[in-house]
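The values are calculated or read from the model by the stated rules, or taken from the named source; none is laboratory data. Quick caveat, the model's predicted, so the values are computed rather than measured. Note that we place each Cβ from the backbone using ideal geometry, even for glycine, and neighbour counts take in every protein chain shown. Note: areas computed on protein heavy atoms with side chains; ligands, DNA, RNA excluded. Shrake-Rupley method; radii C 1.70, N 1.55, O 1.52, S 1.80 Å.
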Amino acid sequence: MVLEALVLSVAGGYARVRVGGDVLLCQFRGRLRRSGILPGDRVVVSFEVPGQETVERVLPRGNVLKRPAIANVDQALVVFTASEPPLNLPLVDRITVLATHAGVGVILCLNKVDLIDPGEALRLGQVYQPSGFPFFATSALIGDGVEGLRPVLEGRVTVMAGQSGVGKSRLLNSLDPSLSLATGALSRKISRGKHITRRVELLQVQGGGIVADAPGFSRLDLEGMSPGELGDCYPEIRSLSAGCRFTGCHHQKEPGCAVKESIGSGISLERYSSYCDLFAEILEWEKRRYE
């Protein structure tokens, strides 16, 4: 007998899979060790030998993220803070770019709002308002705003992304206390969280929805992305570029650029600045590739 299953996590040559309401630990064929199995994969499991369930093959993937390594994601919940650890909008934008490029929806979550002035939370929401990304302000510690996330997670596979220490695991615990995920304090010396989450694992959250708790990270490469693709990964730039004088405008030094003319209204200065920084990074990568 063979059945379709969802891979929840992978470690040591075994995959934890969910088949209906059951969770099983399965071995997988040697050829799959080479090609790889990812959390989020839909797989076919054989039950020919009782107690030795085996993953036979991986079904076609809808999308794949490199870091965190996960397949078939509907959306990314990008968690960040303005304090403890300090605000890092360039990293937030880098994550949103890579998620959008992979065809994954983006939701923004400003956590630990209990540590900042309400006006700062409002300002950060306005930074991203032209992008159209849903924006939530939460405090996982005291529970403020957390329930607002539940409807957008329901019925979807969501990967939580963000640097260590922003409170991803605590947010999940607040949504579903039965998960009892380990959380850690921020290092005062380096203002950075410890990597409490060691591997990608898909978790069923009360009220519906599957969420991937993933290790934090601080750097993601844009290698292989073209300058034109970068602009398409900023929704506000993609929308405004239709008004640019020149087709293929890179929104740098070109005259008649609708994006530059809309800074402060159609696109925030912070978002445009991050776009320019990532654009320069892509150009540098392309230059090194042909040297």
- Query: For Arg245 and Glu56 in the same chain, what is the full-extension length gain: residue separation times 0.36 nm, less their Cα-Cα distance, in nm?
  - Reply: 62.7 nm
- Relative to the chain, whose Cα atoms define the longest principal axis, helix 118-128 and its Cα axis are tilted in degrees, nearest 10, by 90 degrees
- Message: Past the 25 angstrom mark, what percentage of all C-alpha to C-alpha distances in region 16-137 do you count?
- Response: 44 percent
- Taking 0.36 nm per residue of separation and subtracting the Cα-Cα distance, what length does fully extending Arg42 through Gln206 add? 56.9 nm
- With N set to the residue count of the chain, report its C-alpha Rg divided by 2.2 N^0.38 Å to two decimal places. 1.09
- Query: In whole percent, what relative contact order does the chain give with Cα contacts below 8 Å and a gap of six or more residues?
  - Reply: 15 percent
- Task: Normalising by the residue count of region 85-180, find the relative contact order in percent from Cα pairs under 8 Å and 6+ residues apart.
- Result: 26 percent
- In the chain, what percentage of the DSSP-assigned beta bridges are antiparallel, given to the nearest 5? 60 percent
- Note on the structure: A correct Stokes-Einstein calculation for region 52-122, using the alpha-carbon Kirkwood radius, 20 °C and 1.002 mPa s, returns a whole-number D in µm² s⁻¹ of 150 µm²/s
- Message: Suppose we keep just the alpha-carbon trace of region 28-84; what are its Rg and Dmax in angstrom?
- Response: 15.7, 53
- Task: Counting other Cβ atoms within 10 Å, keep those with at most 15, restrict to DSSP loop, and tell me which trypsin sites (Lys or Arg not before Pro) in region 19-115 are left.
- Result: Arg29, Arg61, Lys66
- Message: Restricting to DSSP loop positions (anything but H, G, I, E, B) with no more than 16 other Cβ atoms inside 10 Å of their own Cβ, which trypsin sites (Lys or Arg not before Pro) remain in region 239-291?
- Response: Arg245, Lys253
- Query: If contacts are Cα pairs under 8 angstrom and at least 6 residues apart, what is the relative contact order of region 1-82 in percent?
  - Reply: 26 percent
- Message: As a test of the formula, what do you get for the chain when each DSSP H run with n ≥ 4 contributes -39,500 (n - 2.57) and the sum is divided by the residue count, at 222 nm and rounded to the nearest 500 deg cm²/dmol?
- Response: -7500 deg cm²/dmol
- Task: Could you work out the longest stretch of the chain that avoids the chymotrypsin sites (Phe, Trp or Tyr not before Pro) located in DSSP loops with at most 12 other Cβ atoms within 10 Å?
- Result: 1-245
- Rounded accessible area of Asp117 (nearest 10 Å², 1.4 Å probe): 100 Å²
- Measuring from the lowest to the highest alpha carbon on each principal axis, how far does region 227-291 reach, largest first, in angstroms? 39, 24, 18
- Query: Between Gln163 and residues 5 or more places away or on another chain, which pairs have amide H atoms under 5 Å apart, with H built 1.01 Å from N, and which residues are they?
  - Reply: Phe217
